Structures are given as structure tokens and as C-alpha cells.
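Engineer: First, the structure itself, so that you have it in front of you.
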Amino acid sequence: MSDSQLKAMIEREAQALGLTFNDAVSRVKAGQIGENYLWQDLASLVHLLHE
Amino acid sequence: MIGDRPTEVFRNFRDHISGLLNKTITDAPLSLTHRKDRPFAQFAFRDDADFPMAAPLFSAGLFLAVSQQLQVEQQPDQTWKLRTLAYSYHLLEDSNPDSRWIIRWEYVSHAQRRNEHPRHHVHIATIVDTPAGEMDLDKLHLSTGWVTIEEVIRFLIAEMGVKPKIADWDDQLLKSEELFKTWTRREV
């Protein structure tokens, strides 16, 4: 998967949580994530993008 | 683990875990997300639109969301060592993300988060009255050891009434646990 495809996945999941891509990345980096599995998935994709 | 490139190694591991899940607790396949040419990947159950989902379990009316974040490191002998950077296993009453959860087993490595609650922990959707006041097991991070996917499967079959497709499910789980020790070079 390319970086742009991964970013698109993150953006879709962020939108489902009512967030922008940048807001979602900031929340994940600050450890301020929700408890449901969509948040868990989003967090792991953000880490994947920044590893 | 054996493979020419990280992609092959991650696929092999995903196929192994997905096969184990499909023989024991659910028909849903695991989907691998891997950045090209990087030693990091993630897998989860995803729907046809590539959106994360909780998979229906065989016959128990329960749902499980699975996520593992992985890293591989090539070793001097050209094999690959597998490392789990994070996992989450959420047991729910329905498939959508906002449905009521029952148990959440979670882990985040020190490489990603520090100075917080126990890295390996579980949340349980209940509050317990104690002489010291209420213990909100929903919010507290109760320490656990390393919780493998095999142990979650074992719990679901042996104690939650999920009906496996195979009779020798515990033998299959034991074999998988031995493979995991080899691939990660750790005791769990």
C-alpha cells in the first residue's frame, strides 16, 4: 500500500468519527483516543504512517 | 519467520492467524494493511468497503474486533523476528463500533506510549462496589500478562460457548502458541 492509499484510509475513518485527517492525527499523537475499535484501528493506521 | 521481504512475512503471519480464527470462532477473514517496503504492518477484520468491523462469532451472538500492529526485523541468519507493537481484542454485542462492548484486551508497547497505565491491560464493562468505594472496571486499566489471540480464542470457546468448527481446537491453539514463541523469540 502506498502512503497516499494509507492516508485515504485514515481520512475515511477520521470522517466517520467526525474529525479531519489532521485532527485525528493530532489526537492519536497526544494519546487522546476514544475507546471503540474504530479509534483503535485509526490509531494503528496513524502509527503505521509515521513509523 | 521465513520470507524474502517484509510483505511476504506479514502475509504469512496474517494467513496463519486468519486461518486459526476461521477454524475456531469466526468465518471473517483478516485484512492486512502494509506500507510498501516498510517493516511495519497492521491487520484487522474489514468489511467490503475496507472499513474495520467486529466479526460475528460462531453461534454465541457475540462479535469480536481484532487489531494487531506488527514489526519485523531481519536477523543475521536471514530469517525475520516478529514483534507486536500493539494489539486490541474487543468483545462486543454487535458489529458496529458504537455497539456495547463487554471486554477489551489491549496493549501498546513502550515504543509508542510511556508513563501511563499498565501496557498490557483489560477493561471490563462493569462497576464493582468495594469498601474503598466504587471500582470502575470500565475505565481502569487492569494489568494482565501478554494476552495472545490464542488465549482469547480459548476463552471464547471454553467459557463463552462459541462453537468451533474443529474438534481438536485446543491442539491447534497450542501449536500456534509454540509457533508464536519461535517467530517472536519470546516466552508468552
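Computed from the coordinates by the stated procedures, all read-outs in this text should not be read as laboratory data. Since the structure is predicted, the reported quantities are computational estimates derived from the model, not experimental observations. Don't worry about glycine lacking a Cβ; one is built from the backbone with ideal geometry, like all the others, and counts go over all protein chains shown.
Engineer: Select from B:ILE17, B:HIS120, B:MET1 the residue farthest towards the positive end of the dipole of chain B; place +1 on Cβ of Lys and Arg, -1 on Cβ of Asp and Glu, and compute about the Cα centre.
Structural biologist: Farthest towards the positive end: B:MET1.
Engineer: Let me ask something else. At q = 0.09, 0.12, 0.14 Å⁻¹, what log₁₀ I(q)/I(0) does the protein assembly as shown have when each alpha carbon counts as one equal point scatterer in the Debye sum?
Structural biologist: Relative scattering, expressed as log10 I(q)/I(0), comes to -0.38, -0.68, -0.95.
Engineer: Going by how many other Cβ atoms sit within 10 Å of their own, how do B:ASP170, B:ASP129, B:ASP136 line up, fewest first?
Structural biologist: The most exposed by this proxy come first: B:ASP129, B:ASP136, B:ASP170.
Engineer: Taking only the alpha-carbon atoms of chain A, what semi-axes of the equivalent ellipsoid follow from 5 times the gyration tensor eigenvalues under a square root, in whole Å, largest first?
Structural biologist: Taking √(5λ) for each Cα gyration eigenvalue gives 16, 12, 10 Å.
Engineer: What's the magnitude of the charge dipole for chain B around its Cα centre, counting Lys and Arg as +1 and Asp and Glu as -1 at the beta-carbon? Answer in Debye, nearest 20.
Structural biologist: The dipole of chain B has a size of about 680 debye.
Engineer: Expressed as a rounded percentage, what relative contact order does chain A have, with Cα pairs under 8 Å and six or more residues apart?
Structural biologist: Taking the mean separation of contacting Cα pairs over the length of chain A, I get 39 percent.
Engineer: Let me ask something additional. Tally Lys and Arg at +1 and Asp and Glu at -1 over the other residues with C-beta under 15 Å from the C-beta of B:VAL128: what net charge comes out?
Structural biologist: Here the charged neighbours net out to -3.
Engineer: Partner chain Cβ atoms within 10 Å, averaged over the residues of B:18-26 - can you pull that number for me?
Structural biologist: That average works out to 0.
Engineer: Turning to a different aspect of this structure: Please compute the average number of Cβ atoms from other chains found within 10 Å of each residue's Cβ in peptide A:45-51.
Structural biologist: Other-chain Cβ atoms within 10 Å of each residue's Cβ, averaged: 6.
Engineer: Here's something else I'd like to know. Would you kindly state the longest site-free stretch of chain B, with sites defined as GluC sites (Glu not before Pro) in a DSSP loop (not H, G, I, E, B) surrounded by at most 15 other Cβ atoms within 10 Å?
Structural biologist: Answer from the scan: B:1-92.
Engineer: Something else: Whose amide H sits under 5 Å from the amide H of B:HIS120, counting only residues 5 or more places off or on another chain, with H placed in the peptide plane?
Structural biologist: B:THR144
Engineer: Next up: Lysines within cross-link reach of B:LYS81: Cα-Cα under 27 Å, excluding same-chain residues under 8 positions apart?
Structural biologist: A:LYS29, B:LYS23, B:LYS36, B:LYS175, B:LYS181
Engineer: Provide the per-residue ³J(HN,Hα) series for region B:91-105, in order, calculated from phi with Karplus coefficients 6.51, -1.76, 1.60 and θ = phi - 60°, each as a whole number of Hz, with x at glycine and proline positions.
Structural biologist: Those phi angles translate into 9, 10, 8, 8, 8, 7, x, 8, 5, 5, 8, 10, 9, 10, 9 Hz.
Engineer: Also, I was wondering about something else. Taking the Cβ of B:PRO52 as the centre, find all other residues whose Cβ is under 11 Å away and add up their charges (Lys, Arg: +1; Asp, Glu: -1).
Structural biologist: After counting each charged neighbour, the total is -2.
Engineer: Go through region B:118-157 and name the trypsin sites (Lys or Arg not before Pro) that are in a DSSP coil and have 11 or fewer other Cβ atoms within 10 Å of their Cβ.
Structural biologist: Sparse-neighbourhood loop trypsin sites (Lys or Arg not before Pro): B:LYS139.
Engineer: Next question. Would you mind calculating the relative contact order of chain B from Cα pairs under 8 angstrom and at least 6 residues apart, reporting the percent as a whole number?
Structural biologist: 18
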